[in-house]
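**Student:** Structure provided below as structure tokens; questions to follow.
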Amino acid sequence: MKDSQARPRSRRVLDRSLLVLGTTTLAAGLGAMTLAPGLSAASSHREAPLIAGDPRADNTDVYAFTSPDKADTVTMVANWIPFEEPNGGPNFYAFGDDLRYNIKIDNTGDGVADVTYSWRFRSSYRDDANQFLYNTGQVTSLNDPDLNFRQVYDLVVTAEGRSRTLLSGVPAAPSRTGKASMPDYAALRKQATFGLPGGGTTYAGQAEDPFFADLRVFDLLYGGDLSERGQDTLAGYNVNTIAIQIPKKQLALRGNPSRNPVIGVWSTTERGGATVKDSRDQGTAAQWKQVSRLGNPLVNEVVVPLKFKDAFNTLNPSQDRTVQPVVDKVYDPILPKLIQQVYGVPAPKTPRNDLAEIYLTGICKACGPIKADLNAHRLNKDAPLKRIVPAEELRLNMAVPPTAKPQRLGVLAGDLAGFPNGRRLADDVIDISLQAVEGAAQTGVLVPALADGDKVNANEVPFGTSFPYVALPHTKNVNRGPGAAGRNAEQASTENTAASPALKPTHAAALAGAGALLLGVGGFRLRRRGKDS
């Protein structure tokens, strides 16, 4: 009797154990399958905590330069959506319908935009009820019936308090979904390039990301021993580009680029906000909130402290001087101290009036220690001097002609048409900025220990020779998986291998399968016992 009661009890224990073990094993397997591909990345394109979670609004770079093939015009390029993997379908990369994208120009030096170009996009599908593809066949034109997803936009210019629509309902170039789908993307780009009334040209669509850099700078400044350099982290990725080419006279103060050649440029993204109103409110104007801002490269990344990065993205340049903690970091920056700590290169003495000149006032003999009249608003003969304020803008002296043989180090190499006098696509802003924070703009001498910079000196593909100059978008996937051709030894060494504690997907699937099997056996035995009893 004692023996017959013990046997069923032990069976129940066994069955329940099978259920518990099966459930645990299944959960572990499914968890591993979910977590295994969860790689994360960090980059200068995601410079502030809030904007890093809002890629459609995230400005990645701004460029402004005298057009090399049309010297009476200025080309401005602004990019959004960092790290676009070319094969990132089926929902590829669209501009936000709820966003307003702006390029702003200050020609008086008061930190307020005198001319603003604004783009607003609208999306549509030809068939979203019976189709899941972005395009259903080869796309040869922007009106191709095989292009399922489309975006059109309006372009408005605002100057002297008045807004004027330049373009309405014109198409943007689509994301390049692959060579089979879009074998001649150059033709699509041409169709998406529009002339503007009164002169000028604009383009909106996808492009290769023109920024080149080794972003392992954020791994203790290239690994703490300069061993992590020479790899273009942005190579292979695309961005969404808005480019516009405008006659200089439309940008200059009083329409006179000869007397007033200096402009400040920056881009912003605004998001439409909720509006609370009652029946007495007659106005219907949308409420726009600025969520991203970009002028000079790397300012919000390495100058502005973490605590103020999100706030900086909401500021107008006219407000910069009122945020003392940020102004303090221009005069007493963090980066040179880190370089001294890691590499023993002495930080230049503070206050850094040279950096304030580059970022806040523009370069002129009366502005600071850099003895040159280059790109300060004070150089505009008709600028009201009392209204000029320190403001972070990408300043360009439009009177400086394009250089026949551009130097990647720009002004530091004696090429006055390059950064920080505006910014061209090929300017090596990482190496220039690294030298500038170490005082090279003031001394005129490169810091020998950092002369090689990040060892990425050029973009991985050449730029165009005519508007919009950015290269065509990539189609080849960036991540080619473990062991794929083209992956270097360092990449291979950091991949999950059999010795890694992380489970490979196949192992995780097997574990999940075993869990399901144990769960089934345990459940079956319990159910059968219930019928027998």
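**Student:** Please state, rounded to one decimal and in Å, the Kirkwood hydrodynamic radius that segment 270-400 gives when every pair of distinct Cα atoms enters the mean of 1/r.
**Tutor:** Answer for segment 270-400: a Kirkwood hydrodynamic radius of 17.1 Å.
**Student:** Follow-up. No solvent, one uniform scatterer per C-alpha: report log10 I(q)/I(0) for segment 322-456 via the Debye equation at q = 0.15, 0.17 1/Å, two decimals.
**Tutor:** For the requested q values the scattering log ratios are -0.74, -0.95.
**Student:** Do any of Lys289/Lys371; Lys329/Lys386; Lys249/Lys329; Lys248/Lys386 go past 32 Å between their Cα atoms, and which?
**Tutor:** Distance filter (> 32 Å) returns Lys289/Lys371; Lys249/Lys329.
**Student:** Taking square-rooted eigenvalues a ≥ b ≥ c of the alpha carbon gyration tensor, is segment 180-234 rounded, prolate or oblate, where a/c under 1.5 means rounded and, failing that, a/b exceeding b/c means prolate?
**Tutor:** Cα axes put segment 180-234 in the oblate bin.
**Student:** Binned at 10 Å from 0, what are the whole-percent values of the Cα-Cα distance distribution for segment 68-179, short to long?
**Tutor:** Computed distribution, short to long bins: 12, 34, 31, 17, 6, 0.
**Student:** Top to bottom by accessible area (1.4 Å), largest first, where do His474, His377 land?
**Tutor:** His474, His377
**Student:** Quick check: from the Cα gyration tensor, does segment 344-386 come out rounded (a/c under 1.5), prolate or oblate?
**Tutor:** Prolate shape, in that a/c is at least 1.5 and a/b is the bigger ratio.
**Student:** Please tell me the relative contact order of segment 290-357 in percent, rounded to the nearest whole number, where contacts are Cα pairs under 8 Å and at least six residues apart.
**Tutor:** 28
**Student:** Mind ranking 452-462, 340-350 by how tightly packed they are, going by the mean number of other C-beta atoms within 10 angstrom, highest first?
**Tutor:** 452-462, 340-350
**Student:** Also, I was wondering about something else. Can you tell me the accessible area per residue over segment 64-144, all protein chains present, probe 1.4 angstrom, in square angstrom?
**Tutor:** Computed with neighbouring chains in place, this is 39 Å² per residue.
**Student:** Probe radius 1.4 Å, ligands and nucleic acids left out: which of Thr136, Thr193 has the largest accessible area, and how do the rest follow?
**Tutor:** Correct descending sequence by accessible area is Thr136, Thr193.
**Student:** Still on this structure: In Å², and per residue, what accessible area does segment 187-316 have when probed at 1.4 Å with the other protein chains present?
**Tutor:** 40
**Student:** At a 10 angstrom cut-off on C-beta neighbours, averaged per residue, how do the peptides 261-269, 101-109 rank from highest to lowest?
**Tutor:** Taking the mean over residues of other Cβ atoms within 10 Å, the ranking is 261-269, 101-109.
**Student:** Please report the carbon-and-sulfur percent of the accessible area for segment 145-288; probe 1.4 Å, protein heavy atoms only, DNA, RNA and ligands left out.
**Tutor:** Answer for segment 145-288 is 49 percent, counting heavy atoms of protein chains only.
**Student:** Sum up the charges of everything whose Cβ sits under 14 Å from the Cβ of Cys367, counting Lys and Arg as +1 and Asp and Glu as -1, but leave Cys367 out.
**Tutor:** +1
**Student:** Give the whole-number value, in cubic angstrom per residue, of the convex hull volume spanned by the C-alpha atoms of segment 202-348.
**Tutor:** 218
**Student:** Apply the a/c threshold of 1.5 to the C-alpha gyration tensor of segment 140-214 and tell me whether it is rounded, prolate or oblate.
**Tutor:** Since a/c reaches 1.5 but b/c is at least a/b, the shape of segment 140-214 is classed as oblate.
**Student:** Based on alpha-carbon positions alone, could you give the equivalent ellipsoid semi-axes of segment 383-451 from the gyration tensor, as √(5λ), descending, whole Å?
**Tutor:** 23, 17, 10
**Student:** Determine the sum of side-chain charges near Asn240: Lys and Arg each +1, Asp and Glu each -1, restricted to other residues whose C-beta is under 11 angstrom from that of Asn240.
**Tutor:** -2
**Student:** Using the per-residue mean of other Cβ atoms lying within 10 Å as a proxy for protection, in what order, highest first, do the peptides 322-335, 433-446 fall?
**Tutor:** Going from most to least packed, we get 433-446, 322-335.
**Student:** If you add up the charges near Phe132, with Lys and Arg at +1 and Asp and Glu at -1, over every other residue whose beta carbon is less than 15 angstrom from its beta carbon, what do you get?
**Tutor:** Within the 15 Å Cβ shell, the charges total -2.
**Student:** Roll a 1.4 angstrom probe over the protein heavy atoms and tell me the percent of accessible area of segment 374-480 that is carbon or sulfur.
**Tutor:** Taking all protein chains in place, segment 374-480 shows 57 percent carbon and sulfur surface.
The values are calculated or read from the model by the stated rules, or taken from the named source; none is laboratory data. Here the structure is a predicted model, which means the values were calculated and not measured. A quick note on method: Cβ atoms are made from the backbone with ideal geometry, for glycine too, and the neighbour counts reach across all protein chains shown. SASA here: full protein model, heavy atoms, side chains in, ligands and nucleic acids out. Shrake-Rupley method; radii C 1.70, N 1.55, O 1.52, S 1.80 Å.
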